[in-house]
Amino acid sequence: MLSSQRALFDIPREICYLNAASYSPLPHAVQQAGRIGVARKGQPWTLDPGLAAKQYERARGAAARLIKADPEDVALISSVSYGVATAAKVLSVKKGSRVLLLQDDHSSPVLEWTTRAPAEGFAVETVRRPDDGDWTAALLAAIERPGAPPVGLASISSLHWSDGGAIDLRRVAAVLRAEGAALLVDATQGVGVMDMDVRKLDPDFLVFPTYKWVLGPYGRAFLYVAKRHQDGVPLEQTGFGRRAIGADRTPYMRDTEFVAGARRFDMGERDWFISLEMAAIGMETVASWGPDAIAARLRALTGRIADGLRNSGVLILDQKLRAPHILSLGFPQGMPAGLVEQLAEEKVYVAPRLGRLRISPHVYNDEQDADRFVEVFRRVNGRTA
């Protein structure tokens with residue numbers, strides 16, 4: 001099993017950070033890349049003219065490797081919401097059809113469709129949180145519900161961000177394809193830890209940022225665009241998205257046809273050499289371990305915590321229904337006031353999410369962190385309950 005990688009991070013021993021689903025700490029190597037990038041901007045006359053192009057392709061290739069995509073199918077973007085907006089500009093959801101969303105899903109894959117629905121004539125259907133925690137079954141039932149309008153699109157996260165509820169995306173994708181529906185995946189909480197193979201999943205769009213599980217900076221994200229959609233018009237009109245626009249020769253706009261592949265969807269000002277290399281190094285580091293090894297490591301840690309909380313009065317999803325890297329605690333009488341703050345006072349860091357306590361370890365955590373959380377939680381919860 002993959003061992004704890006704590007030595008690669010700037011995390012003092014007394015810190016028990018179990019909140020990767022919000023922000024991951026940056027490895028030392030990623031931090032150093034950021035410092036070097038800032039120094040480059042301090043002396044721009046020293047920049048290698050070929051640096052930007054090398055960074056684009058390094059980051060694009062690193063992102064593609066994580067989702068088993070062709071680099072030609074990956075766009076450099078700024079955020080998940082940017083990627084969803086791009087998909088919404090390209091996709092045409094038929095009037096009278098349904099767009100399926102998850103109840104309390106993150107805003108990024110949701111708001112674009114709720115905003116567009118009235119004018120474009122499709123219905124937004126929210127798949128309710130299942131009482132048994134089985135999001136896959138709930139989605140399949142919604143897609144196949146007898147007498148319902150056809151599904152035009154499912155815009156969903158790869159797992160539920162608030163409670164770690166797992167979704168069997170391959171099963172869902174297969175049923176959607178059979179129905180002739182499109183699939184957009186917000187893979188923020190999945191890429192790097194769970195198997196995200198776009199060759200097998202065949203989504204229309206898949207998007208993820210780097211600031212959580214792939215150990216990168218904020219403001220960097222990547223959009224997979226299936227080849228069947230790569231003739232669409234991008235969200236922004238950029239010179240580098242066209243075949244020959246350049247300031248180094250005349251005429252300036254020699255060929256304004258779009259470039260081939262997903263590169264036409266790259267964001268404006270993509271050449272941010274401070275953070276692009278940081279993102280690449282983080283993703284390459286994660287890829288070197290592999291999702292199977294990371295998932296096994298984190299499943300062991302979340303399982304250890306779950307075992308340690310038996311008979312503590314909290315509600316925990318069955319292991320077969322939850323993702324390996326997120327453990328969510330429910331409270332029958334509601335989460336005690338001040339619980340998160342009191343844990344933080346003990347240097348134990350987790351996140352409150354929709355009335356639950358979300359615990360999300362990463363490779364920098366170890367068994368000592370898991371045991372410490374259990375000990376501190378039992379003590380603090382006993383005081384606040």
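The residue of the range 244-266 that is farthest from A59 (Cα to Cα), among those that are of a type in the set (A, V, I, L, M) and either modelled with pLDDT of 90 or more or surrounded by 17 or more Cβ atoms within 10 Å (Cβ to Cβ) (or both), is M253. When restricted to residues that are surrounded by fewer than 20 Cβ atoms within 10 Å (Cβ to Cβ) and either out of contact with any strand residue (DSSP E or B) (no Cβ under 6 Å at 6 or more places or on another chain) or among the basic types (K, R) (or both), the range 322-334 contains 4.
Table: residues versus (1) part of a strand (DSSP E or B); (2) buried (at least 22 other Cβ atoms within 10 Å of the Cβ).
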{"residue": "A69", "(1), (2)": "no, yes"}
{"residue": "E72", "(1), (2)": "no, no"}
{"residue": "L76", "(1), (2)": "yes, yes"}
{"residue": "Y82", "(1), (2)": "no, no"}
{"residue": "T86", "(1), (2)": "no, yes"}
{"residue": "K89", "(1), (2)": "no, no"}
{"residue": "L100", "(1), (2)": "yes, yes"}
{"residue": "D105", "(1), (2)": "no, no"}
{"residue": "T114", "(1), (2)": "no, no"}
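With the condition kept exactly as written, say whether any residue in the range 51-67 is β-branched (V, I, T) and over 30 Å from R129 (Cα atoms). No, the range 51-67 has no match at all.
Being of a type in the set (K, R), modelled with pLDDT of 95 or more and over 25 Å from R129 (Cβ atoms) holds for only one residue in R220, R170, and it is R220.
Scan the range 320-359 residue by residue and report those that are of a type in the set (A, V, I, L, M) and part of a loop (DSSP other than H, G, I, E, B). Those that are of a type in the set (A, V, I, L, M) and part of a loop (DSSP other than H, G, I, E, B): A323, I326, M335, A337, V350, L354.
Only one entry of V30, V93 meets the criterion of being crowded, with 18+ Cβ neighbours inside 10 Å, in contact with a helix residue (DSSP H, G or I) (Cβ under 7 Å, 6 or more places away or on another chain), not in a loop (DSSP other than H, G, I, E, B) and not small (G, A, S), and that entry is V30. Taking each residue of the range 98-111 that is assigned by TED's automatic domain parsing to the domain that holds E125 and free of Cβ contacts under 8 Å to residues at least 60 places away in the same chain and looking for partners that are of a type in the set (S, T, Y) and surrounded by fewer than 22 Cβ atoms within 10 Å (Cβ to Cβ) with beta-carbon atoms closer than 6 Å, six or more apart or interchain, yields L101/T126; Q103/T126.
A single member of I305, I294 is outside the structural domain of K41 (by TED's automatic domain parsing), assigned to a helix (DSSP H, G or I), of a type in the set (A, V, I, L, M) and in contact with an Asp or Glu (Cβ under 9 Å, 6 or more places away or on another chain), and it is I305.
Filtering the range 308-319 to residues that are outside any loop (DSSP other than H, G, I, E, B) and either charged (D, E, K, R) or without any contact (Cβ under 8 Å) to a residue 24 or more places away in the chain (or both) leaves L315, Q319. Every listed requirement among (1) in contact with a Gly (Cβ under 9 Å, 6 or more places away or on another chain); (2) farther than 25 Å from I77 by Cβ is met by A280 save one, (2). The residues of the range 94-144 that are hydroxyl-bearing (S, T, Y) and over 20 Å from the mean Cα position of the chain (by Cα), listed by number, are S97, T114, T115, T126. Assessment of the range 117-128 against the conditions (among the acidic types (D, E), part of a helix (DSSP H, G or I) and more than 23 Å from F208 (Cβ to Cβ)) yields at least one matching residue. Can D195 be described as more than 13 Å from V80 (Cα to Cα) and either small (G, A, S) or over 16 Å from the mean Cα position of the chain (by Cα) (or both)? No; evaluated as a whole, the condition is false for this residue. Annotation note: of R40, R13, R58, R65, the sole residue that is farther than 30 Å from E367 by Cα and either part of a loop (DSSP other than H, G, I, E, B) or at pLDDT 95 or above (or both) is R58. Taken together, the residues in the range 35-60 that are among the small types (G, A, S) and buried (at least 18 other Cβ atoms within 10 Å of the Cβ) amount to 2.
Among the residues in the range 217-228, are any over 20 Å from the mean Cα position of the chain (by Cα) and either buried (at least 24 other Cβ atoms within 10 Å of the Cβ) or not hydroxyl-bearing (S, T, Y) (or both)? Within the range 217-228, one or more residues are over 20 Å from the mean Cα position of the chain (by Cα) and either buried (at least 24 other Cβ atoms within 10 Å of the Cβ) or not hydroxyl-bearing (S, T, Y) (or both). So in the range 362-379, with the set limited to residues that are aliphatic (A, V, I, L, M) and buried (at least 21 other Cβ atoms within 10 Å of the Cβ), which one is nearest to the chain's Cα centre (by Cα)? That would be V363.
The values are calculated or read from the model by the stated rules, or taken from the named source; none is laboratory data. These numbers were taken from a predicted model, which means no experiment stands behind them. Cβ sites come from the backbone with ideal geometry, for glycine too, and all protein chains shown count toward neighbours.
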